[in-house]
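Worksheet for the structure shown next.
The values are calculated or read from the model by the stated rules, or taken from the named source; none is laboratory data. Here the structure is a predicted model, which is why all the values come from computation and not from measurement. For neighbour counting, all protein chains shown are included, and Cβ atoms are generated from backbone atoms with ideal geometry for every residue, glycine included.
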Ligand SMILES: Cc1cc2nc3c(=O)[nH]c(=O)nc-3n(C[C@H](O)[C@H](O)[C@H](O)COP(=O)(O)OP(=O)(O)OC[C@H]3O[C@@H](n4cnc5c(N)ncnc54)[C@H](O)[C@@H]3O)c2cc1C
Ligand code: HEM
Ligand code: HEM
Ligand code: SF4
Ligand code: F3S
Ligand code: FES
């Protein structure tokens, strides 16, 4: 087991862990986004889905634990690497020209923080209802409709989704490299693949707050 | 042509550094950037002021000595060229040029533009070689090597150890340098026996030297005078991952009969 | 001083094997007790240090570079020779031996050169095993090219970076020994003098280039692999740091200097673009395969090349050497270029250049073919000059490239100071009066990997070496002298910069001791150099202190030594009243401008012994005998 620790201690090890946990989180998001989209099928559809989930505690808790672990590792690695990278350049440059660094790459850290805050808020909002004006444990549909009809809340959701889009745009491109796939063919594909994933996933989420605010669903 | 230089001056490793500005009225478009520094230095010496210290030797882009960030770009604006291969015709009359040393914790500044890049040597010492004693080699043609493999290995082996990749990387990471060496040997049959050991040892040393990690920004490749492909970093990641999975406690050294 | 080359007897083919068998071995258990000081980390130094470390000696490897990998060997482009005969084109150890002796114009030792040819094959095996990515055929076997006018294809290469790849191989072997703890590398450490105790080389004095600390190092033997001294001409294809200090200091301590005047000039370099020029860039000779060399017929013709009509162009090589034309050998091509420029027909800035014109080749073969053959060279040329050689003819001019001369060594690579061994370009070498292309890399690695590891052991095993510590008075003495020199350099506080003096020395040497040498010219130089040296010591300005990183001080020390050494070169050039290889005495040429050797009087190695500050050095002669090749004269008409 201590080889795993040693592996995780290395910079590359941490990056691999981030890539894998990132993938796990990403996987959840895909399922989650699809689930959320049921909302357009009306109250019954999504509530039935929610009940189905509630009826399977093992599944739900399994997923929750997996997510929690993944997120914890991902955030820890992010934290340690970020500190290390900052420390590696104590004196900055008077002038520094950037060529290949994308906005998405630069936004990883701040975007990550936004995502983290979002997740916390989001759980208190739609899972526990702690910060929800009129939370009902059985009416997910209602929770979303009411919850997101508050403008600043919807706004925050949209911002968070923007952060997610950027995060995935670099993240997906990056994890291919981190996990060591390097053939020129892969090279050619991964840029647009990253963009595609980012757009689909973040898009799949963001339509809901937008739809609610614009009153496309009621 | 006339150029204004804004150069980082630092008397010693522990001294406070600052920028000094120098005018050079008699620059010629045919000068290399290092020759410009020569001329500026001649002037400084005549004026009794300490000349600008900078590393250089071959002045044809192969030794990897010259190392300076010119207008925010390691080795300057010309792609695939070192500072010594940069000629003034790439600047406009009247330009102001900012010149700084490599900036990274593992590369402490010795003086002015001169930084200590010993960390790169130590990474190679950790395992950047094939352990073959003199005289114990089989005939050179005993092991055929596919032309493409040899060519790809050569692409990676072209690294001149200048450290521009570290200088350019927002994380001051030495991944491209390390990846180049690991890829060069990893692509050749001669490099296979130690492939696992090498990846582990070199990455460990790289981390020990306090370089940053790789966020896959890609700046290193842009700055690299030998245009070492980013693909090499993926190869390093792969080798390191595989090596970590395959690693075992070192087997017994054998009896001392 | 008597010169004993220690040449083994017996038939040529088995001299080395017999000799090796006769060499004493050091018991592996005792090797650790011997400390070897290797100065230099180029091909010769790195390969020697790595191999000696492998064998178990305690090795210290000094280099003034910040990393061993930056040694000047890194710049070698073309390739390395070896008698592998992989191309099955009739090559053999004997042919490589023969070509090298003939190429050296019969001024080198048969036994040494034969050994060189013999071990050349092991070098390639060793380098491939280290992972040197030599060029290959699709079948996976090694590719070869023919180089420097050899009729066989025996040159191994790694793109245009052969020296780099070979050095990285040796460097990696060195790195491995550092990790194993057998070798300690001391970068940014410059040897400033040699310490001789009871007639044996027992240590060196160094200056740490970062801290300025002057340090003493004691050992059982000293190995110099400090490279060539082409920079005595200021402008050369050598890296800026190349210098004569280590070998010249050893010479002053009693090591004979062999054939100092033998320098090689390369015909195809990029010409000087102005006073600011700091070094010259070599371009592969292969360009002459398709380029035509010409200058305007009339002196001072200022027109751009395109406007000079065919009739008013002088393709002088084709005119003077109809059969070889533009492919005339290095020295002939170089000399002819100088002649036309002296006639005021040179082109480009300062009139120091001749055209190398590809327009015919492009018309004949098409631009793609030319791009295919010389693309990277054309790029390099354009990067430096800003001119596009596909449109306007290239401008080229000869430049100093290599120095065949160096410290005299016997068959065991030991100088006239017992315990002082000299390898690579630093020794007077196996190349005689002229080096064949792709043979220097071969010699450096032969010396380091396959010769010194045997012969040094023999020296250590035979000589009773009493322990010597750095506290020995001899060290204190030499250290004091070194410190005093440094102090004096800083004390002058004159008005002229070091480069200023170096440039002037370069002009003198290029004019009088360059491609074509005349007695009176050399005499003029022998007047001018001491005068310049005196001016240097009275008027040089070196700022800063000795206790800091001070690049002007480093340069000043090296130039000071060049200023003394230059005199020795001219003296040697003056005494050698013949033309051979790279040494062309205008007085000694045939009616049609061919070099005329004088085998009756000069078939010997000139080994100069230092006789004291302002005394003329003493000439010693090592006669050369040729039993396996008969002395012939070349003709390229
Ligand atoms: C442009 C160019 C191209 C060439 N191409 C070819 C080619 O294609 N084929 C070929 O065979 N040859 C070629 N040569 C020649 C060949 O490269 C050299 O002769 C050879 O590399 C010399 O190797 P070396 O180990 O003897 O010395 P170097 O490689 O010069 O090493 C000298 C070492 O000594 C150290 N040193 C020197 N003085 C001191 C001191 N005082 N204190 C401490 N350290 C010191 C330096 O730091 C360096 O490490 C070329 C030369 C040039 C200039
Ligand atoms: C919402 C779920 C998240 C997903 C799907 C995700 C996904 C990813 C992916 C795929 C990568 C690329 C990994 C690699 O290059 O190998 C990545 C990198 C990164 N993530 Fe996340 N992430 C998420 C949340 C977070 C959070 C909450 C933080 C921070 C608090 C964060 C911070 C980072 C950082 C800093 C990096 C760059 C690491 C580096 O290369 O140096 N991420 N993320
Ligand atoms: C607009 C977009 C989103 C909407 C409408 C939404 C909606 C919901 C709802 C209704 C729940 C509660 C489900 C239940 O309790 O049965 C929930 C839970 C959750 N959401 Fe979201 N979500 C969105 C975006 C996100 C994002 C971007 C993330 C991650 C970065 C995320 C992570 C989670 C998590 C971790 C849970 C808890 C799951 C559990 O209870 O096991 N959600 N989401
Ligand atoms: S990878 Fe490129 S930039 Fe980095 S050291 Fe090698 S040559 Fe320089
Ligand atoms: S720029 Fe730095 S982050 Fe990685 S890809 Fe290059 S090392
Ligand atoms: S000086 Fe050698 S690479 Fe620039």
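Residues of segment B:157-192 being assigned to a helix (DSSP H, G or I), more than 24 Å from residue A:95 (Cβ to Cβ) and within 15 Å of ligand 4 (Cβ to nearest atom), which ones?
Result: B:157, B:178, B:179, B:180, B:181, B:182, B:183, B:184, B:185.
Could you please tell me which pairs satisfy a Cβ distance under 6 Å, a separation of 6+ or placement on different chains, a first residue in segment A:123-144 that is on the phi > 0 side of the Ramachandran plot, and a second residue that is more than 16 Å from ligand 4 (Cβ to nearest atom)?
Close Cβ pairs satisfying both conditions: A:129/A:135.
From the list C:159, C:176, exactly one residue is under 30 Å from residue C:79 (Cβ atoms) and either away from every other protein chain (no Cβ under 11 Å) or in a loop (DSSP other than H, G, I, E, B) (or both). Which is it?
C:159
Could you please give the count of residues in segment B:57-77 that are under 13 Å from the mean Cα position of the chain (by Cα), surrounded by 24 or more Cβ atoms within 10 Å (Cβ to Cβ) and part of a loop (DSSP other than H, G, I, E, B)?
8
Hey, any hits in segment B:95-103 for a residue that's modelled with pLDDT of 95 or more, surrounded by 19 or more Cβ atoms within 10 Å (Cβ to Cβ), assigned to a loop (DSSP other than H, G, I, E, B) and facing another protein chain (nearest Cβ under 8 Å)?
Yes, because at least one residue in segment B:95-103 is modelled with pLDDT of 95 or more, surrounded by 19 or more Cβ atoms within 10 Å (Cβ to Cβ), assigned to a loop (DSSP other than H, G, I, E, B) and facing another protein chain (nearest Cβ under 8 Å).
Any residue in segment B:28-36 that is more than 14 Å from chain A (Cβ to nearest Cβ), in a strand (DSSP E or B) and touching a strand residue (DSSP E or B) at 6+ places or on another chain (Cβ under 9 Å)?
Step one: of segment B:28-36, the residues more than 14 Å from chain A (Cβ to nearest Cβ) are B:28-36.
Checking the rest, the ones that are also in a strand (DSSP E or B) come to B:32.
Add one more test, that the residue is touching a strand residue (DSSP E or B) at 6+ places or on another chain (Cβ under 9 Å), and what stays is B:32.
Yes - at least one qualifying residue is present in segment B:28-36.
Given the criteria within 16 Å of ligand 6 (Cβ to nearest atom) and more than 20 Å from the chain's Cα centre (by Cα), does residue C:67 qualify?
yes
Taking the criterion of being free of Cβ contacts under 8 Å to residues at least 24 places away in the same chain, closer than 30 Å to residue C:262 by Cα and part of a loop (DSSP other than H, G, I, E, B), would at least one residue in segment C:33-45 satisfy it?
Within segment C:33-45, none of the residues are free of Cβ contacts under 8 Å to residues at least 24 places away in the same chain, closer than 30 Å to residue C:262 by Cα and part of a loop (DSSP other than H, G, I, E, B).
For residue B:215, indicate whether it is outside any helix (DSSP H, G or I), modelled with pLDDT of 95 or more and facing chain A (nearest Cβ under 10 Å).
Answer is yes for this residue.
Filter segment A:182-195 for residues that are over 15 Å from the mean Cα position of the chain (by Cα) and more than 15 Å from ligand 5 (Cβ to nearest atom) and give the result.
Within segment A:182-195, A:183, A:184, A:185, A:186, A:188, A:189, A:192, A:193 qualify.
Consider residue A:164 carefully, then state whether it is in a helix (DSSP H, G or I) and more than 30 Å from residue A:14 (Cα to Cα).
no
Would you be able to say whether some residue in segment B:193-210 is at pLDDT 95 or above, in a loop (DSSP other than H, G, I, E, B) and either within 12 Å of chain A (Cβ to nearest Cβ) or within 16 Å of ligand 1 (Cβ to nearest atom) (or both)?
Yes, that holds for at least one residue.
Check whether at least one residue in segment C:460-481 is under 30 Å from residue B:39 (Cβ atoms), more than 30 Å from the chain's Cα centre (by Cα) and loosely packed, with under 15 Cβ neighbours inside 10 Å, and report yes or no.
Looking for residues that are under 30 Å from residue B:39 (Cβ atoms), more than 30 Å from the chain's Cα centre (by Cα) and loosely packed, with under 15 Cβ neighbours inside 10 Å, one finds none in segment C:460-481, hence no.
I'm checking my understanding of the structure. Among residues of segment A:87-109 that are more than 8 Å from every other protein chain (Cβ to nearest Cβ) and farther than 21 Å from residue A:20 by Cα, which one is surrounded by the most Cβ atoms within 10 Å (Cβ to Cβ)?
If we take residues in segment A:87-109 being more than 8 Å from every other protein chain (Cβ to nearest Cβ) and farther than 21 Å from residue A:20 by Cα, then A:102 is surrounded by the most Cβ atoms within 10 Å (Cβ to Cβ).
Quick one: which residue in B:89, B:9, B:79 is more than 16 Å from ligand 1 (Cβ to nearest atom) and more than 14 Å from chain A (Cβ to nearest Cβ)?
Just one listed residue meets the conditions, B:89.
With segment C:210-323 as the region, which strands (runs of 3 or more DSSP E) entirely inside it contain at least 2 residues that are within 14 Å of chain B (Cβ to nearest Cβ) and touching a strand residue (DSSP E or B) at 6+ places or on another chain (Cβ under 8 Å)?
On the way: elements: C:214-218, C:221-224, C:263-269, C:292-296.
Those strands (runs of 3 or more DSSP E) span C:263-269.
Considering C:138, C:98, which residue is surrounded by fewer than 22 Cβ atoms within 10 Å (Cβ to Cβ) and part of a loop (DSSP other than H, G, I, E, B)?
Going through C:138, C:98 in turn, the sole match is C:138.
With respect to the numbered conditions (1) away from chain B (no Cβ under 14 Å); (2) surrounded by fewer than 18 Cβ atoms within 10 Å (Cβ to Cβ); (3) in a helix (DSSP H, G or I), which one is the sole condition not fulfilled by residue C:503?
For residue C:503, the failing item is (1).
How about segment A:70-85: which of its residues are without any contact (Cβ under 8 Å) to a residue 12 or more places away in the chain and surrounded by fewer than 16 Cβ atoms within 10 Å (Cβ to Cβ)? Can you show your working first?
Looking only at segment A:70-85, we keep the residues that are without any contact (Cβ under 8 Å) to a residue 12 or more places away in the chain, and these are A:72, A:76, A:79, A:83, A:85.
Within segment A:70-85, A:72, A:76, A:79, A:83 meet the criteria.
Looking at the structure I just gave you, is residue C:225 farther than 18 Å from residue C:469 by Cα and over 21 Å from the mean Cα position of the chain (by Cα)?
no
How many residues does segment B:121-156 contain that are in a helix (DSSP H, G or I) and more than 16 Å from ligand 5 (Cβ to nearest atom)?
Number satisfying all stated conditions: 13.
Filter segment A:33-59 down to residues that are touching a residue at least 12 places away in the same chain (Cβ under 8 Å) and within 25 Å of residue A:74 (Cα to Cα), then give me how many there are.
Of the residues in segment A:33-59, 4 are touching a residue at least 12 places away in the same chain (Cβ under 8 Å) and within 25 Å of residue A:74 (Cα to Cα).
Could you check segment B:166-189 and list, in sequence order, the residues that are more than 12 Å from ligand 5 (Cβ to nearest atom) and facing another protein chain (nearest Cβ under 8 Å)?
Answer for segment B:166-189, where residues must be more than 12 Å from ligand 5 (Cβ to nearest atom) and facing another protein chain (nearest Cβ under 8 Å): B:184, B:185, B:188.
Take segment A:9-57 and flag every residue that is within 14 Å of chain B (Cβ to nearest Cβ), surrounded by 17 or more Cβ atoms within 10 Å (Cβ to Cβ) and assigned to a helix (DSSP H, G or I). First the steps, then the outcome.
As a first pass, look at segment A:9-57 and keep what is within 14 Å of chain B (Cβ to nearest Cβ): A:9-20, A:22.
Still in the running and surrounded by 17 or more Cβ atoms within 10 Å (Cβ to Cβ): A:10-19, A:22.
Correct list: A:11, A:12, A:13, A:14, A:15, A:16, A:17, A:18, A:19, A:22.
With the structure loaded, tell me whether residue C:446 is outside any helix (DSSP H, G or I) and buried (at least 21 other Cβ atoms within 10 Å of the Cβ) or whether it fails that test.
On the way: outside any helix (DSSP H, G or I): no; buried (at least 21 other Cβ atoms within 10 Å of the Cβ): yes.
The answer is no for residue C:446.
Return yes or no: is residue A:19 within 16 Å of ligand 5 (Cβ to nearest atom), within 21 Å of the chain's Cα centre (by Cα) and over 19 Å from residue A:118 (Cβ atoms)?
yes
Among the residues of segment A:208-215, are any out of contact with any helix residue (DSSP H, G or I) (no Cβ under 8 Å at 6 or more places or on another chain) and either within 14 Å of chain B (Cβ to nearest Cβ) or within 16 Å of ligand 5 (Cβ to nearest atom) (or both)? So that I can check it myself, show each step before the final result.
Our first condition is that a residue be out of contact with any helix residue (DSSP H, G or I) (no Cβ under 8 Å at 6 or more places or on another chain); within segment A:208-215, this holds for A:214-215.
Applying the additional criterion that residues be either within 14 Å of chain B (Cβ to nearest Cβ) or within 16 Å of ligand 5 (Cβ to nearest atom) (or both) yields none.
The answer is no; no qualifying residue exists.
How many residues are assigned to a loop (DSSP other than H, G, I, E, B) and out of contact with any helix residue (DSSP H, G or I) (no Cβ under 6 Å at 6 or more places or on another chain) when one looks only at segment C:109-135?
Filtering segment C:109-135 down to residues assigned to a loop (DSSP other than H, G, I, E, B) leaves C:109, C:131-135.
Imposing the further condition that a residue be out of contact with any helix residue (DSSP H, G or I) (no Cβ under 6 Å at 6 or more places or on another chain) reduces the set to C:109, C:134-135.
Here the count works out to 3.
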